[in-house]
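Only one structure is covered here, and it is reproduced in the block below.
Nothing in this text is a laboratory measurement; each read-out follows from the coordinates by a stated rule. None of these values were measured; they are calculated from a predicted model. FYI the Cβ positions are ideal-geometry reconstructions off the backbone, even for glycines, and counts take in every protein chain you see.
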């Protein structure tokens, strides 16, 4: 009943609905006055019949009119916000779909480029007499692999944002060997930049219930970023330890150039890149940290940053207890 009445008032507009509500208020005041006098056994005076409506209108009309206007503005703002939120969701879905489609379209020819350039590098179909051609094929292969890596990152991020990335492939695996294998893959990058890369584990019997590919990609992204933004002669340490809550914590610590608060916020935005002086020539798209954060959160964990300019950066990954298992003594033996 009240909803119907309110709907009818909305159709009248602010002015007329305020007038109707004012009349209802005055009638309620008169009714209350009549009831009170009836209970007291006193007659209703003519002055009361004049004063009550007059005073009621003087007080009620401005308040009701103002409240109706505020309500109308709030409803208008609510509708606009709902429309904007819907448009934002549609735009986000369209962006994710576009990125996913483009990534799929680009990966097919890139795989062909990689395959043919590898055949030329290895001279599988016969020797290449000109060494410059061999050098060009190696450059083509290297560039293709870099571009394919970027496309894969974009595709993974688009899947996560659209809710299409799942943990169906999650399995229990030994964490330390996976981490060590990831560090081996980064050995060449560390040597190229003159940065020492180390792994430190408090417990080597930890097993994680997760998508191993994602965990290794997270580590490669974070340690790779740390290497790139650490001056020659610096160090990057990947360490792991069980958490007090039964979870597991990984830390990537470097003594590189560091970041201030605004740079840390920017680094966690997809395609957000800070441009410190030493890294102007560094390759990258600004997807490493956002993708690592999205993948950790997909597993129910979290990623946090601590950093100061010229004092290094610490990236902390926390996996929840339901993602952690441990080898029994017989399995460890």
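Worth a mention:
- When peptides 252-259, 105-112 are ranked by their average number of other Cβ atoms within 10 Å per residue, the highest-first order is 252-259, 105-112.
- Kirkwood Rh and Cα Rg combined as Rg/Rh, the stretch 85-196: 1.10
- Evaluated over the stretch 69-123, the Cα radius of gyration and Dmax, each in Å: 23.5, 79
- Semi-axes of the equivalent ellipsoid of the stretch 171-329 are 26, 17, 13 Å, computed as sqrt(5λ) over the eigenvalues of the C-alpha gyration tensor in descending order.
- Per-q log10 I(q)/I(0), the stretch 139-252, q = 0.09, 0.13, 0.19, 0.21 Å⁻¹ (Debye; single scatterer per alpha-carbon; no solvent): -0.29, -0.60, -1.14, -1.26
- Prolate/oblate/rounded label for the stretch 97-161 (Cα gyration tensor, a/c 1.5): prolate
- Calculated FRET value between residue 308 and residue 213, using beta carbons and R₀ = 35 Å, to 0.05: 0.60
- Highest to lowest packing among 198-205, 221-228, scored as the average C-beta count within 10 Å: 221-228, 198-205
- With a Förster radius of 56 Å applied to the C-beta separation of residue 205 and residue 132, the computed FRET efficiency comes to 0.60.
- Distance between the stretch 158-194 and the stretch 255-270 - C-alpha centres, whole angstrom: 22
- Listed peptides 231-243, 82-94 by packing density, highest first (mean Cβ within 10 Å): 231-243, 82-94
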